[in-house]
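In what follows, a single structure is set out as structure tokens and then discussed.
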């Protein structure tokens, strides 16, 4: 996957996490569950970024 696609995924994942946090603000009874979902999406974004930069570092070392 190229860098642009990865960054698009990260943006999408963070957008989804933001929607979960916004929804949690308006649904107090479900807020813990919604905030957990937001954390999971943020984790996906972070994992995607870490994999991207690790691959770039590997390429830089190989060059």
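Okay, here's what the table says:
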| read-out | value |
| --- | --- |
| Segment 26-45, residues that are farther than 17 Å from residue 15 by Cβ and assigned to a helix (DSSP H, G or I) | 26, 28, 29, 30, 31, 32, 33, 36 |
| Selection count, segment 1-29, where residues are touching a helix residue (DSSP H, G or I) at 6+ places or on another chain (Cβ under 7 Å) and either surrounded by 13 or more Cβ atoms within 10 Å (Cβ to Cβ) or at pLDDT below 95 (or both) | 12 |
| Any pair with Cβ under 7 angstrom, 6 or more apart, that starts in segment 32-56 at a residue that is surrounded by 12 or more Cβ atoms within 10 Å (Cβ to Cβ) and ends at one that is at pLDDT below 95 and part of a helix (DSSP H, G or I) | 48/6; 52/3; 52/6 |
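The values are calculated or read from the model by the stated rules, or taken from the named source; none is laboratory data. A quick note: this is a predicted structure, and the numbers were derived from the prediction, not measured. All Cβ positions, glycine included, derive from the backbone under ideal geometry; neighbour counts span all protein chains shown.
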